[in-house]
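The values are calculated or read from the model by the stated rules, or taken from the named source; none is laboratory data. Values in this document were obtained by computation on a predicted structure and should not be read as measured data. Every residue, glycine among them, receives a Cβ derived from its backbone with ideal geometry; neighbour counts consider all protein chains shown.
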Amino acid sequence: MSAAKNTKSTAFEGFSEEERAAMKDHAQELKKAARRGSKQVDLEPDVLAKIAEMEGPDRELAERIHAIVKANAPELTPRLWYGMPAYAKDGKVLCFFQPALKFKSRYATLGFNDVANLDDGTMWPAAYALTDLGPDEEARIAALMKKAVAEPA
């Protein structure tokens, strides 16, 4: 007699379509960077083009985040990171804006990498959910940007 087959799949489903698209975006970004070599190129037009492709609330949030970063951390360099607007310090991504629609999330995200000087004790937020930006949120993001780029005390 043959053994009953297990109908429950245990196979790894892999990356989502959105994750694969983000990885392809990042591969293209790396290829462009390699072609440029050591030449410094202004990537802000690429970031603005990516923001312009966004829809509705994501585009509005990204435009405002971009303006806040430019006003409060002008030393950061705009660039794309996994197809998302990002801002780098000394070539390393410090923060990024992840649109809600990119991964079919219910909110957009403003995330910070370890380059950001946001340390506060032994635990601190490294990402913030965004659904809207009012004056209070804009002021908080401005303060975060200033702190993130400041030299550690």
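If I ask for residues that are surrounded by 18 or more Cβ atoms within 10 Å (Cβ to Cβ) and without any contact (Cβ under 8 Å) to a residue 60 or more places away in the chain, which ones from segment 59-72 would you list?
62, 66
From the list 83, 91, 121, pick out the single residue that is at pLDDT below 95 and touching an Asp or Glu at 6+ places or on another chain (Cβ under 9 Å). Break it down stepwise before answering.
Working: 91 fails: touching an Asp or Glu at 6+ places or on another chain (Cβ under 9 Å); 121 fails: touching an Asp or Glu at 6+ places or on another chain (Cβ under 9 Å).
Checking each option against the conditions leaves just 83.
So which residues in segment 71-98 are within 12 Å of residue 145 (Cα to Cα) and among the polar types (S, T, N, Q), if there are any at all?
Correct list: 72 only.
What pairs come out if I take residues in segment 117-134 that are without any contact (Cβ under 8 Å) to a residue 60 or more places away in the chain and more than 28 Å from residue 104 (Cα to Cα) and pair them with residues that are among the aliphatic types (A, V, I, L, M) and assigned to a loop (DSSP other than H, G, I, E, B) whose C-beta lies under 7 Å away, six or more apart or interchain?
117/150
Out of everything in segment 44-58 that is surrounded by 16 or more Cβ atoms within 10 Å (Cβ to Cβ) and either free of Cβ contacts under 8 Å to residues at least 60 places away in the same chain or small (Gly, Ala, Ser) (or both), what residue ends up being farthest from residue 128 (Cα to Cα)?
46
Please determine, by comparing only the residues of segment 73-86 that are within 14 Å of residue 142 (Cα to Cα) and surrounded by 19 or more Cβ atoms within 10 Å (Cβ to Cβ), which one is nearest to the chain's Cα centre (by Cα).
Here the answer is 76.
I need every pair where a residue in segment 83-96 that is without any contact (Cβ under 8 Å) to a residue 24 or more places away in the chain has its Cβ under 9 Å from the Cβ of a residue that is of a type in the set (Asp, Glu) and surrounded by 22 or more Cβ atoms within 10 Å (Cβ to Cβ), sequence separation at least 6 or different chains.
Close Cβ pairs satisfying both conditions: none exist.
Checking the condition small (Gly, Ala, Ser) and within 22 Å of residue 28 (Cα to Cα), which residue from 121, 56, 134, 83 passes?
Testing whether each residue is small (Gly, Ala, Ser) and within 22 Å of residue 28 (Cα to Cα) leaves just 83.
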